[in-house]
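Visitor: Let me give you the structure first, and then I'll get to my questions.
Bear in mind that the values in this text are calculations on the coordinates, not laboratory data. Just so it is clear, the structure is predicted and the values come from calculations on it, not from any experiment. So basically every Cβ, Gly included, is an ideal-geometry build from the backbone, and we count neighbours across all protein chains shown.
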Amino acid sequence: MRTPFIAGNWKMYFTAAETAAFVAQIRDQLNQIEGVDVAFCAPFINIPTLAEAVAGTKIGVGAQNMYFEESGAYTGEIAPGMLVPFCQYVILGHSERRAYFGETDEGVNRKIKAALQHGLTPIVCVGESLEQNEAGETVDFVSGQVRAAFAGIAAEQAVQCVIAYEPIWAIGTGKTASAEQAGEIIGTAVRATLADVYSQETAETIRIQYGGSVKPANIAELMAQPDIDGALVGGASLKPDFVDLVRNAV
Ligand code: PGA
């Protein structure tokens, strides 16, 4: 049984003061919703504020990126061990990082390994561009991203991960893949690839989220798809009715 998991990706929004105020506003309501895991992924500098604001609740804390080295001369980077005192989760390979900051499949794979070594749960992002989608390349491309992400990672470790399938053309655009489309791609390109790399049993254990313009109004139909176990939510995680989104997910 895969527990639904809704993660907010705050991207480069909210100051520390806004973080504290937002969490204070929704914390108790979110904490009362049963049968779903919830987390927010904040910019690095706001992670301690977020962790303090959710202390004593079931709300999890995540980062949006990290580097794979333990320490060293890597100006501007954050090591896995620096996240550990505050975070349970770390988003890795988000399409914005791949597109704007040169992240590669190989780097994402190294980051996943480093996160797992530190007991962090990676939220591994995959997803195709509009051009790839229109060219009918979605399944091959996404399946390839999944294989590359999990190269050299044992099944016992893979089951610790969460995967987020986010079609790039649906992120922040208001365009959502239809629930059926999203469910089908997650089934055929993500879960089937995991079954091929590992086993059907392993694939059935791993939680797979959909991401891209998820809102309170469309979460229920997405969650009704058998292969969709939750959502990675950008814009809608910055608004108080995120509580409704989480409620509608269960
Ligand atoms: P969105 O972002 O919900 O604003 O489309 C999703 C994401 O990029 O994780």
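Visitor: Could you give me the ³J(HN,Hα) list for the stretch 84-100, computed from phi with Karplus coefficients 6.51, -1.76, 1.60 and θ = phi - 60°, whole Hz, x at Gly and Pro?
Guide: 3, x, 10, 10, 9, 10, 8, 6, 10, x, 4, 4, 5, 6, 5, 7, 9
Visitor: Quick check: pseudo-label points 7 Å beyond the Cα along Cα→Cβ at residue 155 and residue 52, how many nm apart are they?
Guide: The modelled label-to-label distance comes out at 4.5 nm.
Visitor: Within a Cβ distance under 11 Å of residue 247, other residues only, what is the Lys/Arg minus Asp/Glu net charge?
Guide: On the way: positive: none; negative: 34, 241, 244.
Net local charge, residue 247 excluded: -3.
Visitor: Report the local net charge at residue 10: Lys and Arg +1, Asp and Glu -1, summed over other residues whose C-beta lies under 13 Å from its C-beta.
Guide: Numbers: positive: 11, 239; negative: 18, 96.
Counting the neighbours of residue 10, the net charge comes to 0.
Visitor: Can you sort 118, 94 so the residue with the fewest Cβ neighbours within 10 Å comes first?
Guide: Details: 118 17, 94 28.
Fewest-to-most ranking of 118, 94: 118, 94.
Visitor: Over the chain, what is the relative contact order in percent, taking alpha-carbon pairs closer than 8 angstrom and at least six residues apart? Display every interim value, and only then the final one.
Guide: On the way: 492 pairs, mean separation 52.1, N = 250.
Averaging sequence separation for qualifying contacts and normalising by length gives 21 percent for the chain.
Visitor: While we're on this one: Which one of 73, 16, 24 has the biggest mean-square fluctuation once the chain is modelled by GNM with Cα springs under 10 Å?
Guide: Checking each option, the largest mean-square fluctuation is seen for 73.
Visitor: Oh, and also: I want to check the label-to-label distance for residue 75 and residue 217. Put each point 7 Å from Cα in the C-beta direction and report it in nm to one decimal.
Guide: Going from the residue 75 label point to the residue 217 one covers 4.7 nm.
Visitor: Can you classify the stretch 5-46 as rounded, prolate or oblate using the Cα gyration tensor, where a ≥ b ≥ c are the square roots of its eigenvalues, rounded means a/c under 1.5, and otherwise it's prolate if a/b beats b/c and oblate if not?
Guide: In terms of gyration-tensor shape, oblate.
Visitor: Can you give me the C-alpha center-to-center distance between the stretch 172-228 and the stretch 5-84, rounded to a whole angstrom?
Guide: 23
Visitor: What does the charge count around residue 32 come to, taking other residues whose C-beta lies under 15 Å from its C-beta (Lys +1, Arg +1, Asp -1, Glu -1)? Before the final figure, lay out the partial values.
Guide: On the way: positive: 27, 58, 247; negative: 28, 34, 37, 244.
Around residue 32, the charge tally is -1.
Visitor: A further question follows. At q = 0.11, 0.13 Å⁻¹, what base-10 log of I(q)/I(0) does the Debye formula yield for the chain when every alpha carbon is treated as an equal point scatterer in vacuo?
Guide: Taken in order of the listed q values, log10 I(q)/I(0) reads -0.52, -0.75.
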